[in-house]
Amino acid sequence: MRVYKINMDKLKFIMVFHNHQPAGNFDYVFEKAFNQAYKPFLDVFKNFSLKMTLHISGPLFMWLKKNRPSYIDDISMLVDKGLIEIIGSGFSEPILAVIPNKDAVQQIKFFNKILEENFNCKIYGAWLTERVWEPHLPEIFNRADIKYIIVDDYHFLRSGFRLDELDGYYISEFENKKVAIYPGSEKLRYYIPFRTVEENSIFFKEVYEKGIKTLIFADDGEKFGIWPETHKWVYEEKWLYNFFDFISNSPYIETVRLKDHFENNPPKGICYLPTTSYPELGEWALPPDASFSFKKYYDRFKNQSEFEEIKPFFQGGQWRNFLSKYRESQVIHKKMIFISEEMKDFKEDEKEPLYLAQCNDAYWHGVFGGLYLPHLRREVNTNLIKSEKKAFPDNIIKPYDFDCDNIDEIYLKNNYLSAIVDPSDGGALLSICFMPREINISDTLTRRREAYHLRLMEANNNIEGTKTIHDIFKVKEEGLHNLLVYDKYYRACGRLHLFKDIDLDRFEKMGFEPHGVAIDGYVISSTGNSKEKQEVILSNKNITKKFVFIKNSITTEISINSLQDYKVVGIEFNVNLFAPTANDRYFLFDNKKSYLSFKGEINNIVNLSIIDEWLGVKITFNSDFFRNIFIYPVYTVSLSEDGVEKTYQGSSILFFGQINNTSLNADITLTLEELK
């Protein structure tokens with residue numbers, strides 16, 4: 001039986017800081033975050049005898065352990081002194097609710113073991129990534145031996161709780177598997193560190209005088225130096241030092257760790273929270289028009305006196321909406337599920353690449369770049385390839401529904417390549433992965449509408465002072481509105497086109513209506529799998545398309561019986577080697593090199609190569625018929641913490657030929673090689 005030691009004299013203030021970086025982020029980003037946020041924060045904290053709870057994400061912890069071990073040593077010393085409590089999470093910071101339950105439990109246990117070995121402490125609590133809550137999560141945390149987690153008070157408000165009831169933790173359960181849930185103050189997240197210390201002190205005093213016993217702040221450590229305009233405010237103008245000084249000298253505030261509070265206080269009651277996250281994520285998860293309207297009305301009401309009464313009923317989308325909003329997310333998510341099912345009996349340490357492939361950032365998009373950042377998608381794809389090499393050591397052809405349209409795609413893999421053929425979308429290749437170099441060469445994002453595109457002309461706002469990251473809307477370069485072109489189909493490879501006429505400008509700007517053969521469904525006529533080759537044959541009325549995989553090459557064979565009035569036949573590929581103006585990545589044709597940002601028309605050539613000297617990959621296309629080529633760089637206009645920017649997502653390549661006959665038999669071969 002637990003005995004609680006309750007001290008009613010002071011307001012218990014729980015500070016929870018969440019330091020995180022995604023798997024695959026650039027080394028200089030880790031370095032910048034360390035120098036501008038993590039290290040200066042700890043340097044200030046060490047001047048006081050305050051207590052806090054700290055979460056460090058798995059990818060960031062591994063970087064710190066390797067590159068800044070003294071920082072880990074400093075934290076360990078404060079853990080030993082009882083000033084810092086370490087809490088865990090899934091190792092790669094996945095959205096726990098949307099990965100397989102077994103993986104979620106194993107990820108938490110895997111990371112807890114690492115943390116406990118390095119900090120010589122027991123892990124009791126966990127950070128809930130993006131505060132994405134779904135009702136089945138108590139079972140996952142319970143099976144992972146987690147006692148408590150933190151969400152926003154907004155989660156509780158949506159269940160009908162009042163703010164004055166949220167000064168402690170509640171118990172939630174799923175099939176009687178329990179976890180304690182702490183409500184973090186959303187208001188405090190917008191006060192710290194964006195309001196002055198004096199304004200914060202007034203807020204704390206008001207809370208204390210209302211008789212509230214516990215106040216919880218839980219938010220990103222990056223907002224203390226990395227978020228725009230915060231480093232000067234927090235450190236040079238000494239906001240953080242002054243805030244800690246205020247807390248240290250307050251006669252009515254006592255800092256405690258989550259562990260201290262949990263061990264010495266009983267639960268407030270039972271809660272059953274709805275599927276939700278913080279309000280901004282609900283906004284971002286909606287389709288563009290709905291997202292724009294949600295923000296417009298949310299902003300209109302939030303400054304009105306009655307907003308606190310109606311706020312619990314403001315709910316946008318849920319996290320899973322990103323899987324329907326972005327087909328790219330759906331495909332990599334279902335590929336992750338597909339591979340996880342094959343690895344269900346693998347040991348935890350054998351599944352580390354799969355865990356890293358479950359890192360949340362590249363699966364969605366909000367105020368941070370997320371899905372729109374090619375290097376984050378590349379990291380997910382690389383780890384999926386590492387995982388599928390373990391899961392499928394032999395040649396395989398297997399049906400699986402990778403995009404949840406209730407129609408199976410075809411997955412193929414040999415020792416050199418893996419690919420996904422989608423019969424329902426033009427019989428195209430959704431992905432082409434080169435196993436020796438662990439890269440998805442076809443990872444090109446589709447250009448689509450976003451809610452913030454409607455705000456491009458409203459970029460000059462009038463908000464003064466230090467802003468939260470949600471208030472800032474900057475445009476990083478002029479003329480971005482000219483790049484707002486939206487694709488009429490999903491970017492894939494091996495997509496067949498029929499045109500009466502076409503030019504490069506119309507092709508780039510989607511100034512044509514795709515023929516049905518490009519986007520309609522095909523029927524799978526047959527598949528074949530042998531040691532020497534694999535093939536998939538698809539048909540659509542009078543058209544047959546055949547993909548032949550032999551070692552490191554894919555040949556696309558086209559047979560058309562009736563062309564009617566169409567004079568141009570093309571096959572489109574989308575290729576992404578990630579660095580459009582790097583000298584070591586280029587197109588090669590007619591013995592000339594061109595940056596990956598190249599745009600132009602090439603006529604009457606038999607082969608085109610794309611070289612990546614940095615990664616060591618050569619891609620070559622050969623065709624006797626498709627001897628004319630359109631190439632253009634695919635740019636998206638997307639939002640990141642630094643503002644609205646254009647991002648290179650790959651290059652679209654249309655191989656085409658002109659014909660006078662009523663039928664056609666032609667092919668094109670893609671070959672992938674390692675550069676020595």
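The values are calculated or read from the model by the stated rules, or taken from the named source; none is laboratory data. A quick note: this is a predicted structure, and the numbers were derived from the prediction, not measured. Here Cβ is always computed from backbone atoms with ideal geometry, including for glycine, and neighbour counts include all displayed protein chains. Keep in mind that these areas ignore ligands, DNA and RNA; they rest on the heavy atoms of the full protein, side chains included. Shrake-Rupley method; radii C 1.70, N 1.55, O 1.52, S 1.80 Å.
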Problem set entry | Selection from the stretch 543-586 of residues that are of a type in the set (D, E, K, R), within 23 Å of THR527 (Cβ to Cβ) and without any contact (Cβ under 8 Å) to a residue 40 or more places away in the chain | LYS546
For this session: With respect to PHE301, determine if the residue is within 30 Å of ILE410 (Cβ to Cβ), more than 21 Å from the chain's Cα centre (by Cα) and aromatic (Phe, Trp, Tyr).
Result: no
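Hey, among ASN414, ASN440, ASN360, which residue is in contact (Cβ under 8 Å) with a residue 40 or more places away in the chain and farther than 20 Å from GLU341 by Cα? Working first, answer last.
Working: ASN414 fails: farther than 20 Å from GLU341 by Cα; ASN360 fails: farther than 20 Å from GLU341 by Cα.
Just a single option satisfies the conditions, and that option is ASN440.
Given the structure, is ILE610 over 18 Å from LEU483 (Cβ atoms) and buried (at least 22 other Cβ atoms within 10 Å of the Cβ)?
Numbers: over 18 Å from LEU483 (Cβ atoms): yes; buried (at least 22 other Cβ atoms within 10 Å of the Cβ): yes.
Judged against the criteria, ILE610 is a match.
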For this session: Identify all residues within the stretch 552-591 that are aliphatic (A, V, I, L, M) and assigned to a loop (DSSP other than H, G, I, E, B); write none if there are none.
Result: LEU563, LEU577, ALA579, ALA582
Exercise. Would a scan of the stretch 573-591 turn up a residue that is surrounded by fewer than 16 Cβ atoms within 10 Å (Cβ to Cβ) and at pLDDT below 95?
Worked result: yes
For this session: Residue by residue through the stretch 454-482, note down the ones that are surrounded by 14 or more Cβ atoms within 10 Å (Cβ to Cβ), modelled with pLDDT of 60 or more and in contact with a strand residue (DSSP E or B) (Cβ under 8 Å, 6 or more places away or on another chain).
Result: LEU456, PHE473, LYS474, VAL475, LEU480
For this session: Please enumerate the residues belonging to the stretch 122-166 that are buried (at least 17 other Cβ atoms within 10 Å of the Cβ), under 28 Å from ASP80 (Cα atoms) and more than 23 Å from the chain's Cα centre (by Cα).
Result: ILE123, TYR124, GLY125, ASN142, ALA144, ILE146, LYS147, TYR148
Exercise. So, of the residues in the stretch 230-281 that are among the small types (Gly, Ala, Ser) and in a loop (DSSP other than H, G, I, E, B), which turns out to be surrounded by the fewest Cβ atoms within 10 Å (Cβ to Cβ)?
Worked result: GLY269
For this session: Test each condition in (1) under 19 Å from the mean Cα position of the chain (by Cα); (2) modelled with pLDDT of 95 or more for MET343 and report the one that comes out false.
Result: (1)
Exercise. Counting only residues that are of a type outside the set (S, T, N, Q) and out of contact with any Pro (no Cβ under 6 Å at 6 or more places or on another chain), which one in the stretch 522-539 is farthest from ILE550 (Cα to Cα)?
Worked result: VAL523
Exercise. Using beta carbons and a limit of 9 Å, which pairs, at least six apart or on different chains, have the first residue in the stretch 162-178 and of a type in the set (Asp, Glu) and the second one assigned to a helix (DSSP H, G or I)?
Worked result: GLU165/PHE156; ASP167/VAL207; GLU173/PRO138; GLU173/GLU139; GLU173/ASN142; GLU175/PRO138; GLU175/GLU139
Exercise. For GLU450, which of the numbered conditions (1) among the acidic types (Asp, Glu); (2) open to solvent by 10 Å² or more (accessible area, probe 1.4 Å); (3) closer than 30 Å to GLU645 by Cα fails to hold?
Worked result: (2)
Exercise. Only one of LEU323, LEU354 is modelled with pLDDT of 95 or more, open to solvent by less than 40 Å² (accessible area, probe 1.4 Å) and under 24 Å from THR446 (Cα atoms); which?
Worked result: LEU323
Seminar exercise, completed: TYR170 fails exactly one of (1) surrounded by 20 or more Cβ atoms within 10 Å (Cβ to Cβ); (2) farther than 28 Å from LEU376 by Cβ; (3) under 28 Å from the mean Cα position of the chain (by Cα), namely (3)
